[in-house]
Amino acid sequence: MGAPPGSDAGEKLEEREIGPVTVLFGEEGGKYPDGNSLLVRGSRETVVIDPALGVVARQGRLPRVDRVLNSHCHEDHIAGNHLFPDVPWHVHEADAIGFRSIDDFMGIYGFPDDVAKTWRSTVLERFHYAPRPDVSPFRDADVFDLGDVAIRVVHTPGHTRGHSLLLVEWGARGAGERLAYLGDIELSSFGPYYGDAWSDLEDFERSLAVVRKIEAAWYATFHHIGVLDPAAFAERLDRFETKILEREAALLDYLDEPRSLDQIVAHRFVYRPGPEAPYIDSVERRSMGMHLRRLLARDRVEEVEPGRYLAVEV
Ligand SMILES: [Zn+2]
């Protein structure tokens, strides 16, 4: 049950001020299904970025907001969008279709029918999905001028097609007055998520190279890693990126005898064996399918009989 406006639910949630930015931490520091949202105040406009369930819990205690910006179109990032029906919503043009209807939104995940049925009700009931066909798309390098504060878009696809970083800049706008909001390039020990229909492993890798070059004094992630300084960011980014190589190396090891994609899915490379969630098989199939195709293309793996794959001895 959702908390009524102005209740205690949002009061215990932490906040942190950094220049014109207020980080609105979610439950458990923004652990899924919650997340960390940003409130950015310029002299002319105030913007909320990725209003999460923690923003829903703060309902009634938020300042007036002039726009909603979304780093991408996923359930946890848009859970509070419905609180701002009268202001423009912005998302990258490649993800904008997700706001057209619940069917279009479901297409971003591409789950099989049995999983999609449950997921659709979760998205509607728990994450308050609201369609907004007139969403205003942004593109790479677009700038929102809030008055003395700017938010710059850096398109970083891979997690979804439209996933974007949002760089908040103020004052002299050097790195010392810049906060990079990384969205779901979230630097957790889980590693990069590229398990949806709209995900792409190689786009994700290119985006990580872009992220690596971004200079800022603060790096804010949507989930529980929270806000990092440059040294912690660099260290976390290395570890995060290494997860991709580890998954690929583990797959190569596993293919020391011929295996099918079904066996790869059951073995689990993205999720640990054990926990059950209806979408896990779909995510494993899509993610490890991308690794498998890449290894086949690079002659590291061969299809020794139809649908059975074996690592090539090197
Ligand atoms: Zn996401």
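What follows is calculated from the coordinates using simple rules that are stated; it is not laboratory data. Quick caveat, the model's predicted, so the values are computed rather than measured. Reconstructed Cβ throughout: ideal geometry from the backbone, glycine too, with neighbour counts over all protein chains shown.
Could you calculate the FRET efficiency of Glu276 with Glu302 from 1/(1 + (r/R0)^6), where r is the beta carbon distance between them and R0 is 41 Å, rounded to 0.05?
0.80
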key: Built amide H within the under 5 Å cut-off of Ile18, gap 5+   = Val23
Exposure proxy order (Cβ contacts within 10 Å, fewest to most) of Glu305, Glu246, Glu93 = Glu305, Glu246, Glu93
remark   = Summing +1 per Lys or Arg and -1 per Asp or Glu among the other residues with Cβ less than 15 Å from Val304's Cβ gives -4
Antiparallel bridge percentage (DSSP; both residues within the chain; nearest 5) = 75 percent
request  = Between Val301, Val21, Val40, find the one with the highest GNM mean-square fluctuation for the chain; connect C-alpha pairs within less than 10 Å.
outcome  = Val301
Per-residue Cβ neighbour rank within 10 angstrom, fewest leading, His74, His267, His92, His224 = His267, His224, His92, His74
